[in-house]
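First up is the structure itself, then whatever we jot down about it.
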Amino acid sequence: MSDASSSTTALPALDNTMGMLYLSALFAMGLWGAGTVQMYFYYTTYPQDSRWLKYLVAVTWCADTANQGLISQLVYTYLVTNFANPAYLSALQPTLLPMMFLTGIIALLAQTFFCWRIWRLSNANIWLTGATYIVCFASFVSTMVFYGIAADYNEFAQLIPLHPYMHALNVLSAASDVIIAMVLVFLLRKQRTGYRKTNTMINRLSLFALNTGAICGLCAILTLVFNIVYPDTYIYMLFYIIVCRVYMNSLLATLNSRETIRAIGNATIINSMPNFSNQESISLSFVGGNGHPELGLESSGTTENYRDSKMAGVRLVAFAHHVQGPHGLRSP
């Protein structure tokens, strides 16, 4: 009885160390469930999407699921298998660093998709897209380098000299997410017109893009801040572990929002147009040609393309409606 009591009192406080890992596993599982629901909605709502986009979603979800399995096994090993074994708390569990590897993969996949949207929205501006992607790829490379350096470590104490490198890694991660959000918002704002309702749709798209990048960037910033302020705790892991779930949910939320954006676009743009007395009916048409969708007004007899007007044209449509193959999109 006394031995059990002394063993219990010998355990250090775990609230800001293993307790943070436990909370990370709970939050990560909740976000994984939300992402799984979004994936089901995506495959049932957009069966016509291109094959590469479906593969992207599948690979991202599989990597995220593997990551969730690793964090669950990590917490179980520390808190159950090695319960009342204080000596093991300083050990670097072998599944921790592979989680970092998978996080880097998931981040690169999501950021590649968002850079592709920048490419389409900027009308294939190779300099803008390339500069943005270089920052994203640099973040990925830094993660892989860190993983390569620490792959054989077996003690948390061995990671202490790498803290400055971890700080630089988090700065790059936050910078890439913020840059993506800012570039998307900038390109969208350039599409503003004199029509109030069209501007309303652009504002909603801008806010959506800003929120998508800001949430991912915020996780990286909080990881950096707590790692600097509380280096002897695992509070920073709470934000680092859930960031890959945030990437997956951001990717799927962007894809699943297309029907809503299409409905907003049809309602707001049509209502913003002047009346055409010689046409019986007018509807918004997304006609694809050579892989580039064009915004037009379709009536019973004619189609008026506003290619050179100030309407939210080719680039806005390319952002709001994912192009599916060489024939583009067409909606009545």
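Quick note: the coordinates plus some simple rules give every number you see, no bench work behind them. It should be emphasised that the depicted structure is a prediction, and the values quoted were computed from it without experimental measurement. FYI the Cβ positions are ideal-geometry reconstructions off the backbone, even for glycines, and counts take in every protein chain you see.
Summary table
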item	result
In sequence order, calculated HN-Hα J values of region 117-130 (Karplus, 6.51, -1.76, 1.60; Hz; x Gly/Pro)	5, 4, 4, 6, 5, 8, 6, 6, 7, 5, 6, 5, 5, x
245, 120, 189 arranged by Cβ crowding within 10 Å, fewest neighbours leading	189, 120, 245
Three principal axis lengths of region 10-127 [C-alpha, angstrom, descending]	63, 36, 21
Lys/Arg +1, Asp/Glu -1 at C-beta; region 13-256 dipole; positive extreme among 231, 99, 179	179
Derived scalar couplings ³J(HN,Hα) [region 132-146; Karplus, 6.51 cos²θ - 1.76 cosθ + 1.60; whole Hz; x for Gly, Pro]	5, 6, 4, 5, 5, 5, 4, 4, 5, 4, 4, 5, 5, 5, 4
Fewest-first ranking of 236, 55, using other Cβ atoms within 10 Å as the exposure measure	55, 236
Ranked list, fewest to most other Cβ atoms within 10 Å of each Cβ, for 46, 153	153, 46
Viscosity 1.306 mPa s, temperature 10 °C, Stokes-Einstein D of region 13-256 from Kirkwood C-alpha radius, µm²/s	84 µm²/s
Residue 200 versus residue 95: modelled label distance in nm, points set 7 Å from Cα along the beta carbon direction	5.0 nm
Contour excess over end-to-end distance, with Cα ends at residue 152 and residue 259 and 0.36 nm allotted per residue	33.8 nm
Net length gained if the chain between residue 144 and residue 83 were fully extended (0.36 nm per residue, minus Cα distance)	18.8 nm
